[in-house]
Amino acid sequence: MTAADLGPLGRPARAARLVLLGAAWCLLVAGPAPASAGVSTAAPVPAPVAVSEETVTRVASRLRCVVCQNLSVADSPSEMARQMRDLIREQLAAGRTPAEVAQYFTDRYGEWVLLVPPARGFNLVLWALPCLGLVGGLGAVLIAARRWSRRPSLPEATDPVPVPADRERIRVELERFRD
Amino acid sequence: MTVRLRWLGPLAALPLLALLAYAFRTDPRAIPSPLVGRPAAAFVLTSFDGQPLDLATFRGRVVVLNFWASWCVPACYDEAPVLESAWQASRDRGLVVLGVAIQDRAEASQGFIQRFHLSFPNAPDPGGKVSIDYGVYGVPETFVIDRRGTIRAKHVGALTADALRATVEPLLAELPG
């Protein structure tokens, strides 16, 4: 980038600020997601009490139905999912917290069973990639826009001042027209 | 600037391509079981003959724990004779084959057992508790448990005689205790 390329001084700074803003927005969006993703944030269920269907559904909706394609245990009508919901209900009634129930399934089926994988390790790619894409795209658009705006514009149209050669040609043409 | 920017696109695409190359080479349906290498979960079932089937009583033997269903065509039908002959051939050397019928009707399961003349213990899994405890996705799935009660292998899909032998033989050779 040469000095001549740098348009008005304010531009690069503004571009950088915009990219930063995009990144901040991304953090804002992605930030709360892992928190709500962890079942651990849910209030623990006190020991042997009646378990509400809502709690069962809440736990089940975070688990992947193992015999389906992209369905949660809460949504699947399969026999296996029904058995899993029964097991969730049973474990909650026995005083386990939703986090412990989720852990029970994770221990047996791996993290694969969680529909919202925890944001750590390699999983972070899942959270970071869209943000990186957005910031990168924003940067690319800014750079492209700046280059377009700098493209040498056509000379401004002024009152035409014919050069002597043109003047001569016009005179000849007009004379021919009159004849 | 132009030269630098020309390289920026491909350079930025490289990590993404690497990620995609990695992801597309893995089978999204092949999920490694976190249970391999862990102690086999205890269970007590009641066999179709009405006998108690307690995993703990088979400690010291190599257990082939097979989850199956009568509606599982053809995989369960393919491997049933394999399991029966392995049980017949190696029971004297400390091999036990246990069948657990999951998500099945009792009459259908019993029909399956009669059809293949299965002589090893088989039990239904009411409520699917044992199958969920073993992280079973579908049928057939087979766990091989060593003499110490540790899960050493998990096989998804129909077992072949060769695959079963390759897994079980080294475990049979291990000393109990």
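Residues considered: B:D146, B:D162. Of these, the only one that is more than 14 Å from chain A (Cβ to nearest Cβ) and surrounded by fewer than 17 Cβ atoms within 10 Å (Cβ to Cβ) is B:D162.
Could you tell me which residue of the range B:5-36 is surrounded by the fewest Cβ atoms within 10 Å (Cβ to Cβ), considering only residues that are modelled with pLDDT under 80 and within 8 Å of another protein chain (Cβ to nearest Cβ)? Here the answer is B:P32. Candidates in the range A:127-149 are the residues that are touching a residue at least 24 places away in the same chain (Cβ under 8 Å) and farther than 30 Å from A:P117 by Cβ; of these, the one that is farthest from the other protein chains (Cβ to nearest Cβ) is A:S149.
Would you mind listing the helices (runs of 4 or more DSSP H) fully within the range B:56-165 where at least 2 residues are within 16 Å of the chain's Cα centre (by Cα) and in contact (Cβ under 8 Å) with a residue 40 or more places away in the chain? Before the answer, list the steps.
Details: elements: B:75-90, B:106-115, B:129-133.
Answer list for the range B:56-165: B:75-90, B:129-133.
The values are calculated or read from the model by the stated rules, or taken from the named source; none is laboratory data. Only a predicted model underlies this, so the values are computations on that prediction, with no experimental measurement involved. Using ideal geometry, Cβ is built from the backbone for each residue, glycine included, and neighbour counts are taken over all protein chains shown.
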